[in-house]
1. Once each part is reduced to its C-alpha centroid, what is the distance from segment C:378-415 to segment C:346-374 in angstrom?
2. Show me you know the interface measure: the accessible area buried between B and A, both chains summed, probe 1.4 Å, in Å² to the nearest 100.
3. Taking beta carbons within 10 Å but only from partner chains, what does the mean come to for residues D:59-71?
4. Taking each residue of D:152-163 in turn, how many C-beta atoms of other protein chains fall within 10 Å of its C-beta, and what is the average?
5. Which whole-Hz ³J(HN,Hα) couplings does segment C:343-352 yield from phi under the Karplus relation 6.51 cos²θ - 1.76 cosθ + 1.60, θ = phi - 60°, glycine and proline marked x?
6. In terms of modelled amide H atoms, which long-range or inter-chain residues lie less than 5 Å from the amide H of C:His304?
7. Using R₀ = 35 Å, calculate the FRET efficiency as 1/(1 + (r/R₀)^6) where r is the Cβ-Cβ separation of C:Gln374 and C:Thr585; round to 0.05.
8. Taking amide H atoms as placed 1.01 Å from N in the peptide plane, list the residues 5 or more away in sequence, or in a different chain, whose amide H sits under 5 Å from that of C:Gly397.
Amino acid sequence: MTVLQIVALALVAVGAPAVVAARDPLRQAFVASFYGLLLGVLFFAFAAPDVALSSIVIGSVALPTIILLALAKIGDKDS
Amino acid sequence: MSFLPFAIAIWIFLVGLYGVVSSHHLVHLVICLSVVQSSTYLLLLGIGYRTNGAASIFVDIPLNTKAVDPVVKALTLTDVVVGAAVTALLLALAVQAQKRFGTVDPDELDPLRD
Amino acid sequence: MDKLAPLVVAGPFLIAALFAISLPLSRRRDDIVSIVTASAGVVFVGAMLIDVLSRDVPVVTWVGGWQPRAGVALGISMAFDPLSTSLALLAAVLVCAAFLFAWRYFETPGPIFHALMLVFGGAMAGFCLSGDLFNLFVFFELMSVTAYALTAYRSEESGPLQGALTFAVSNTVGAVFILFGIALLYARTGALNLAQIGVALAHGHADGLVVGSFAFLCIGFMVKAAVVPFHFWLADAYAVAPTPACVIFSGVMSDLGIYAIARVYWTMFDGPFQAHLETLRLVFLLFGGVTALWGAVLCLAQHHLKRLLAFVTISQIGMALIGVGLFSTEGIAAAALLIAADGLLRAGLFVAIGAVIHRTGSVNELRLYYLGRQVPRPLAAIFFAGALGLAGPPFLGAFSGKRVLEHAAIDVGHGWIIVVFVVAAILTAAAVLRAGGRVFLGWGEPAEDDPIPFGHPTGSEVERDDEEAEAETTGAPDTTPPVMIATAGALVAGGLAIGLFPALVDKTLDAAARFTDRAAYAAVVLHGAKLPLPDAPNLGVDALGILFGLLSVGGAVGIALAVLSPRHRVRELVPLPLRGPIRGTYWAVRRLHSGQAGDYVTWLSVGAATFGVLLAAATR
Amino acid sequence: MSAGEGPARRRDSEISFATRRRLFLVSGAVLAALMTWALAGMPAFGDYHGIYGLLLNRVAVPQEHATNVITAVNFDYRGFDTLGEEFILFAAVLGLALILRERRDEEEGPPDDDAVGRQVSGASVAVRLITVTLVGPTVLLAGYIIAHGAITPGGGFQGGVIAATALLFVYLGGEYLALRRIRPLPLVEITKATGAAGFVLIGIAGLIWGVAFLDNWLPKGTPGDVFSAGTMQLLSVAVGFEITGGFVLILSEFLDQTIVLRRRRGARSG
């Protein structure tokens, strides 16, 4: 395993609980976006640039945007 | 060490599932569900990886170069889009729950109309 | 013909996409296009079935024309064997029936409903016929996503919204389990084709990876099939989905989960698990038996008619799982017959209840007290015929399936399980008969709020399912459209007829023998080679089967009458000291169905852990 | 439960939250053990020799003239999966529209919207300039990625999502009304459905051509050319359309949820 792989794995392993632990959905959207980016880096390290590209555009741009839009509608009062 | 990626896939799966179980906010629950799904991306790609293998894109590299498994990548691509579609649908349900019933706590939605 | 086979899936997809492009047609034209498409599907799959039956081997077609190379699959195969094609035919018929029923049911939906139903139909066909593990997953997800959307059809109400949510959350977790199973098998065998994986696993033993992958695949499919304790979402979702969607959900979608378990076992795992069949059976009989009884007891406790049928579905899923879990040719044949007969009957009952809702605007048994007299008499007759069919009276409905199941159970030394499914059949049929007696005949007491004769717990909770009916239809129509009655009648008649023809049992046993012959399947898929037909077991009708049939019907009618009798004589039959514990357990079980996604996922993981550990123990 | 009922009422449930968590922790630990046991049987990380992938890596370029084997898998060898995946997105978008569409009763009164006071626009000129200038390149990039799917990393999936995010820039940079002009909903809907229908039709064209459904029936060209790899490129474009349309619809359905009030107000005052 390369150093990049191990580092990326470690970051993803920390990123997932961080997403879960962010109980405030607004903050969580940003953490999730960052998590998507980390996954992208990891997949790149796994020699999967295609998947990395879609993980980044979907996981860290499209989905967080949808989440933010949903939250804009829902409001933050429940968090 | 060679088990690390798989161990982390299991870890992500369980952490995400814990989030789903313990969630008090529908949006939070849906994001946790997408974390659960992300464990499968890692698992699939981890399986198909070959040490020092190139990506299976034979543009500047000769055909007999050692390359990682292309199938798991194709599966993961499909999986990513499917996951996004399901997540979007669930978020729509969350928005509707707030709009109609003023709650985003998954535990407060009644199975049948009050 | 073989080349056209993928159109079973792609055809409805294309029409659905065109619906979205075209200018809004009139409601009627949407209906006509949908019904024509669905009927074409029935004809096509029917023709395919006749073709398959006339040959001695499954028809295999490779999408994209990728023939396998030296036993290695390059593309995705579809396999038409008699059982998978029959199941696809059942799905096609029910889609058609749902469209016919919806003809006069909703007043205002746009083509969204039609497009979703068509995609759903195509996905089910793809799921039945696919010969590729990942492709199976894709169609599993496609079925799920369309089903979530259909469940949320009336999302301005809390029920559908909650039902769709728990449905989607549970099934998404289930899908992740399936993917874990797929990943494990791909890691081991480097293949995704069912036959090829089967060949690769055939001579290995059941180590952790093989057991784990089978466990995870089964868990995912059991979530879809709603096996206890993975079933919680089903009652919430089926109770609130629009009735035309329920016809398909209950009639065939749940059964597809059971089918998938059988499919993956007999194409891939038959080799490594051969040595552990004895213990493996115990695990599946446990889950199947608990599911059959759980559903049966709880359906007796429902007043919400659709929720009642949802628990009937769960109970019968348990019976089908018992059939599959016997891991024998006869067991598969029994499950197939049960799925066909019970599926058609449940679909027919859903249509009948839909007609009652259409007419009266209510779905609650107590509110509907004697209101059923407003619907035409034939509909009531159809309802009772369907209810009796559930019990499996001699030569009707589920009778043939149960008869084969009895043989199969005794054959492998698990005759005791017969008691379980006879009891389950009695209770489910009794619940439906009771509801019919109250709604159509005005028997029993209108204000009675206590379906199980042991009373509410102290400080009791509210009846959750006693709400006013759904506004699926606009206005209060003063007639029941004949097409609804005809659809219900045809479905129930079809379901009853399954039990009628002894030849069908023989055909099914032949088909099951082929379904369970892994080597023959692999040979035809991977090498286009034809192996000799396996010998199918032969069964005669015997006194025992008829006796059980009569017992089931008698018991069901007896219980229904007892519950409907003016004063609760049933209650008096139970000794006083037992009443408290029974009541306590009953309410505890009932309250587990809390409607909370978090609870459901917790039970899902508890079930997954239990199932996994039991499977691991069974294969050591 | 209706809105405004006040503090959350917790329905009595058989298991308390703490019990739920304990149950999950126990079963989760068991699941972890099971999964570890199962995954331990796999080949070590980096040491995979699955026959399917090895074979495709060898044969995809000579057979299909696609230098990107992943695209060849998605759009040719396993095109049937992608067909299903297309329709998963298709169904999800239909379901989304179904769930979020405005109901008759909703239009009667002002919805109880938490986003009432939210300022949607208010972007500065600089932000506007930057974002608007980004739209063009983003769409171009998306087009490039879709068109080169069979050659370099990317394809219909990635390009489609990137094209859809161009919408975001329009939103960030400017007005909702401009957005409405740029993405008239029926057109987007048609784009999406055309992509979906196109995929099926390209597949069926194979049957008309006399080969199998979803077979590659076009001349395959020279590996590395934009117009190589036959139908694969067409399918990639169809998927690009479907995904672009699908994600634009998803984004705008949610956007409409937040903006609907503002539009009404504008209509009233104007």
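The values are calculated or read from the model by the stated rules, or taken from the named source; none is laboratory data. Keep in mind that what you see is a predicted model, and the values were worked out from it rather than measured. Every residue, glycine as well, gets a Cβ built from its backbone with ideal geometry; the counts of neighbours run over all protein chains shown. Heavy atoms of the whole protein, side chains included, go into the accessibility calculation; ligands, DNA and RNA do not. Shrake-Rupley method; radii C 1.70, N 1.55, O 1.52, S 1.80 Å.
1. Distance between centres, Cα-based: 24 Å.
2. 3400
3. Whole-number average of other-chain Cβ neighbours for D:59-71 is 5.
4. 6
5. Values, residue by residue: x, 5, 5, 4, 4, x, 5, 4, 4, 4 Hz.
6. The answer is C:Glu365.
7. Here the calculated transfer efficiency is 0.35.
8. Those qualifying (amide H under 5 Å, at least 5 residues apart or on another chain) are C:Leu496, C:Ala497, C:Ile498, C:Gly499, C:Leu500.
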